[in-house]
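A short write-up of the structure that comes next.
The values are calculated or read from the model by the stated rules, or taken from the named source; none is laboratory data. Because the structure is predicted, anything quoted here is derived from the model rather than measured. Cβ coordinates were reconstructed from backbone atoms using ideal geometry, including for glycine residues, and neighbour counts include every protein chain displayed.
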Amino acid sequence: MTPRILYCHCAYARVLAPEVKQAVLAGLADAGVEFEAVPDLCEMSARRDERLQALAAEGPVKIAACFPRAVKWLFHSAGAPLPEEAEVLNMREQSAEAVLHNIVGVKV
Amino acid sequence: MSAVLQVVMQPGASAQALSALLEKGYSVRVTQDAPRTAVSDPTEVAPSPSKWKPWFPVIDYQRCTNCMQCLSFCLFDVYGVSKEGKIQVQNQTNCKTDCPACSRVCPEVAILFPKYRHNPINGSEVQADDLRREAMKVDISALLGGDIYSMLRDRSAKAKSRFSKERDEDRALKERLNCLNKLQQAMDIPGEVLAALPSVDEIRRKAEVAKAKAEEAKRQFPS
Ligand code: SF4
Ligand code: SF4
């Protein structure tokens, strides 16, 4: 099963370097793949957004966001624990190249 | 907080267009199933982005021991207890933006603020050194009798008043203020949060209510 792709834009704080998140978003758009992009996973978690429950229930997923421990417990706090196979790519510490290489297997 | 509206698009959409939608608070699904016809600019019917910076504590239950210190510490009803007696973050929007103080009273480094600057509160993996450092901060707050907020507020009022200059010679007072200054820095409580705190009496009242809640939870659900 091909993992779904989720991209977090962290729109309401300057947590992610703008050049990293823009390059990851551009890489996903250019790769022509299907993916879901959300403004801010933290905000969705606080609202217990139903979309998080659906995403967590749909099997393997690759998430481009921030620290895996933070993303894991944000989903948990929204009542949407991530499945074991979920993989979180950390745009706070990894380069856009590394994130895209993992998600779509391309070099930018 | 309103729900995020979703825009559905065909692959090949430009990153600029995607970014503009995300900045405006839309979620975007890029899928082959999207209609091929151009849709009118969805932002015309859209909500404006959230005014609230999503800043709130998130609990790492792999580390949490359910000690309820966070519940007794928080004056703003952010924490609560589940039906099963487990600590929970229940009122995220009550949390004071950019204030990570409750993470500093957690002896297990189990409280995260994903948008915080520093490790490990931002969700990076907890190292042995982090545990030692955080434990030290808990010790300082215990030394100050747990009444941290009212002392800090008191301190900021005194620092602002002429009274503090007149009593500049008062070494004991100076030392106490010094110590509280360090504590404020160690806990990284923003000045605006201190300035916005209620009166010392009100703080004491709220602290008692919070503490009573934590004690009640511990009594009902002994670990
Ligand atoms: S999950 Fe991480 S990257 Fe996404 S909004 Fe929260 S802090 Fe930002
Ligand atoms: S202070 Fe930390 S360990 Fe104690 S209940 Fe709160 S989160 Fe859990």
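Here's a check for you: in segment A:1-40, which residue that is small (Gly, Ala, Ser) and more than 16 Å from residue B:8 (Cα to Cα) is modelled with the lowest pLDDT? If you could, list the steps in order and put the result at the bottom.
Residues of segment A:1-40 small (Gly, Ala, Ser): A:11, A:13, A:17, A:23, A:26-27, A:29, A:31-32, A:37.
Checking which are more than 16 Å from residue B:8 (Cα to Cα) leaves us with A:11, A:13, A:17, A:23, A:26-27, A:31.
Working: A:11: 93, A:13: 89, A:17: 96, A:23: 97, A:26: 96, A:27: 96, A:31: 94.
The extreme case among them is A:13.
Evaluate the following for residue A:37: is it facing chain B (nearest Cβ under 7 Å) and touching a His at 6+ places or on another chain (Cβ under 7 Å)? Break it down into steps so the answer makes sense when it comes.
Values: facing chain B (nearest Cβ under 7 Å): yes; touching a His at 6+ places or on another chain (Cβ under 7 Å): yes.
For residue A:37, the condition - facing chain B (nearest Cβ under 7 Å) and touching a His at 6+ places or on another chain (Cβ under 7 Å) - is met.
Only one residue in A:13, A:23, A:70 is within 16 Å of ligand 2 (Cβ to nearest atom), within 23 Å of residue B:115 (Cα to Cα) and surrounded by 15 or more Cβ atoms within 10 Å (Cβ to Cβ), so which one is that?
Values: A:13 fails: within 16 Å of ligand 2 (Cβ to nearest atom); A:23 fails: within 16 Å of ligand 2 (Cβ to nearest atom).
Selected residue: A:70, the only one of A:13, A:23, A:70 that is within 16 Å of ligand 2 (Cβ to nearest atom), within 23 Å of residue B:115 (Cα to Cα) and surrounded by 15 or more Cβ atoms within 10 Å (Cβ to Cβ).
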